[in-house]
2 protein chains.
Amino acid sequence: MPPPPRGPGDDAALSEGRLLTADALCEGVHFERSEPAFLIGRKALAVNLSDVAAMGGRPTACLLTLALPQNLPESFFEAFADGFASAAAEEGVEWIGGDIVRSAAGMAISVTLVGVPGAKLLSRSGARPGDGLYVSGPLGASAGGRALLTRGWRVRPPNRRAMSQWHRTGDVRAGRRLEPLLAAPRRGSSKSGRGFPRPAAAVLIARHLDPGARLAEAAFLAGGGVASAAMDLSDGLGLDLARLCEASGTGALVLREALPVSREARLWAARAGEDPFDLAAGGGEDYELLFTVPPSREPRLRGWPAGRGTGPFLIGRIRPRAEGLRVVDAAGRTSKMRLLGYDAFRLTGR
Amino acid sequence: MPPPPRGPGDDAALSEGRLLTADALCEGVHFERSEPAFLIGRKALAVNLSDVAAMGGRPTACLLTLALPQNLPESFFEAFADGFASAAAEEGVEWIGGDIVRSAAGMAISVTLVGVPGAKLLSRSGARPGDGLYVSGPLGASAGGRALLTRGWRVRPPNRRAMSQWHRTGDVRAGRRLEPLLAAPRRGSSKSGRGFPRPAAAVLIARHLDPGARLAEAAFLAGGGVASAAMDLSDGLGLDLARLCEASGTGALVLREALPVSREARLWAARAGEDPFDLAAGGGEDYELLFTVPPSREPRLRGWPAGRGTGPFLIGRIRPRAEGLRVVDAAGRTSKMRLLGYDAFRLTGR
């Protein structure tokens, strides 16, 4: 039997004093060639940074392997590499090597990130009944941005100057930077994304294409011994919370109204006729942290780093395993939590 | 400008006391789905083992990312994972993690290998004029095997029992093990591989599909402080020697008749109407070591580990840079060495 494709249920594996993680992205599945190559490069690193962050580690070095189709313009590769390098420089990660090969079909990207563990290692398995359940920031924006991109919105590549000044920032400022590059679906297009407000579209799409990673927040949670368990939200709260509870041997109760959903994501949910809770719990690719804190340590969250976001947000409590995963709404009605999200390993979705 | 896709000209990068290397393989470019998945898995690890060996390191842990098309049978993935795991176990490498995602097109594999540097690090840049130029074993067999596979020869997947007992061995024994699995091109097929002797085909194809890595030999060269420079032969002697000389700031003289070419590879060269020297110097994917030894240390090569091969073979001498790369034949005629082989980075070939 082959071993599992990850370490024992955590976001990165620990081997001889180093944290190691690897993630792959494929054209047509995780990104489209119509997206700016520069931002694909940034995201390729970010999803790995997020894995090391989730363990409370400090990322130090990375390797990149690329499989490139022969028809891919060299300018696409160069912008991709610039984006990857800019994200690495931003977080002090050294790009030390990799491999470039020819692909017979689409473009495939694989990134390996090496990190140094923090004073305390965060894992998925430390949650205990009674612990507060938190997310580091609002959810659902990335899913909204992805929906808009599949519904006719396009982003023109940033120019050289814009690329050289690009850096990770808050969602609203990132939206303002992206807005001039946005092309709305054409008049007369049947695409259902038409008519959605441009500034909100920019915020959502910026979040989808350039999610960054919560490194400062993770370092705070690990360094201060604050969190009892942590992971990053890549596949959607529904699936990821189930994994955390499975690893910890617990259940959980989520407060439906407490789930943070940004103004722009709510706007998209209304437009798409979707419940904002479902968007936030099932959309995936948020790359926020999901973590738990024992009641005695919850006051320490006042020291939360003043960063780009507005978190942390208390969204529920860890409960005994027998209670399973449940959601309680404003009227006090309790229901079973649906396992929304996509499971990349089972190949059922993205 | 993006940094180079490898460390400074070496096979693996050194970062905070660890050797790191990553290589990618793509369906339709580096392997075909008609090849046994078990052996693709073994080769995917071997090409990385070879990179760490070339630096004189001891491989310790690996990560695997896979992009799998939805139409890929689960049995293919399982046999691939079994092969990968068998190669890892054989060399004491721990498979600690990775990622599996869906691919919209062909299968793509990326492997990252972590190693611990030996007492002395081998690099490409230490060769000096006068040093002996060596290869660890015969060249050209892998290129012969690749040619046969493109000319109608097929390999049936080994059964479960054969897989569980598979291990890296010498070329001739590996050929005997592979022979029962071989299917020759059909009678009446126009494929030019028809009629080639079956036992020789088995040796060449086994070498192409399961090259292994020269870890014991590399450890000897690094540990004993024997070699002044080393690298692994992945793209063909012509190109790789040019890289070693470029890194060392030297030229080289290769003795045409000294190049080791196995009996089976000579047989294929004769059949294909190819010069055995061109097959050996330009075929690529040998995964033997190319290394240099200062004259004062050449006697130490008597301690060469009694392994699977018959090397080392002296194939020439390092010369001053001004002399360039030259080949001298049995009649004493000297010519410029052609840069045979393929350059994966430039995407000009495989």
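No lab work stands behind these numbers, since they all come straight from the coordinates. It should be emphasised that the depicted structure is a prediction, and the values quoted were computed from it without experimental measurement. Every residue, glycine as well, gets a Cβ built from its backbone with ideal geometry; the counts of neighbours run over all protein chains shown.
Values as computed for the structure displayed
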{"quantity": "Charge dipole magnitude, Cβ of K and R +1, D and E -1 - the range B:207-319, Cα centre, debye nearest 20", "calculated": "500"}
{"quantity": "Dipole of the protein assembly as shown [Lys/Arg +1, Asp/Glu -1 at C-beta], most positive-end residue of A:Gly223, A:Thr65, A:His30", "calculated": "A:His30"}
{"quantity": "Of the DSSP H helices in chain B, those whose Cα atoms cover at least 15 Å axially and whose Kyte score averages -0.5 or more", "calculated": "B:37-54, B:74-90, B:198-209, B:237-248"}
{"quantity": "Shielding by partners, peptide A:55-64 (average Cβ within 10 angstrom, other chains)", "calculated": "3"}
{"quantity": "Gaussian network model of chain B, Cα within-10 Å springs - most flexible of B:Ala219, B:Ala81, B:Ala104", "calculated": "B:Ala104"}
{"quantity": "Summed side-chain charge close to B:Ala258 - residues other than B:Ala258 whose Cβ falls under 12 Å, Lys, Arg +1, Asp, Glu -1", "calculated": "0"}
{"quantity": "Surrounding net charge for A:Pro129, when Lys and Arg each add one and Asp and Glu each subtract one, Cβ distance under 10 Å", "calculated": "+2"}
{"quantity": "Cα-based shape type of the range A:141-242, given that a ≥ b ≥ c are square roots of the gyration tensor eigenvalues and the cut on a/c is 1.5", "calculated": "oblate"}
{"quantity": "Cβ-defined net charge surrounding B:Ala280, 11 Å radius [Lys, Arg +1; Asp, Glu -1]", "calculated": "-3"}
{"quantity": "Fluctuation leader among A:Gly97, A:Gly193, A:Gly238 - chain A, Gaussian network, Cα springs under 10 angstrom", "calculated": "A:Gly97"}
{"quantity": "Point-charge dipole on Cβ atoms (K/R +1, D/E -1) for the range B:35-145, about Cα centre, debye to 20", "calculated": "480"}
{"quantity": "Options B:Ala85, B:Pro320, B:Val116, ranked by Cα towards positive dipole end of chain B, top entry (Cβ charges)", "calculated": "B:Pro320"}
{"quantity": "Share, in percent, of DSSP beta bridges within the range A:1-112 that are antiparallel, nearest 5", "calculated": "55"}
{"quantity": "Cα centroid separation, the range B:293-340 to the range B:103-165 (Å)", "calculated": "21"}
{"quantity": "Close Lys-Lys pairs in the protein assembly as shown, where close means Cα under 29 Å and separation is 8 or more or interchain", "calculated": "4"}
{"quantity": "Within the range A:206-350, percent of DSSP bridges classed antiparallel, to nearest 5", "calculated": "75"}
{"quantity": "Two-decimal Rg to Rh for the protein assembly as shown - Kirkwood Rh, Cα set", "calculated": "1.02"}
{"quantity": "Candidates B:Ile315, B:Ile100, B:Ile40: whichever shows maximal mean-square fluctuation once chain B is modelled as a Gaussian network with Cα springs under 10 Å", "calculated": "B:Ile100"}
{"quantity": "Dipole magnitude of the range B:103-259, debye to nearest 20 (Cβ charges: Lys/Arg +1, Asp/Glu -1, about Cα centre)", "calculated": "1060"}
{"quantity": "Debye log10 I(q)/I(0) for the range A:20-167, one point scatterer per Cα, at q = 0.17 Å⁻¹", "calculated": "-1.07"}
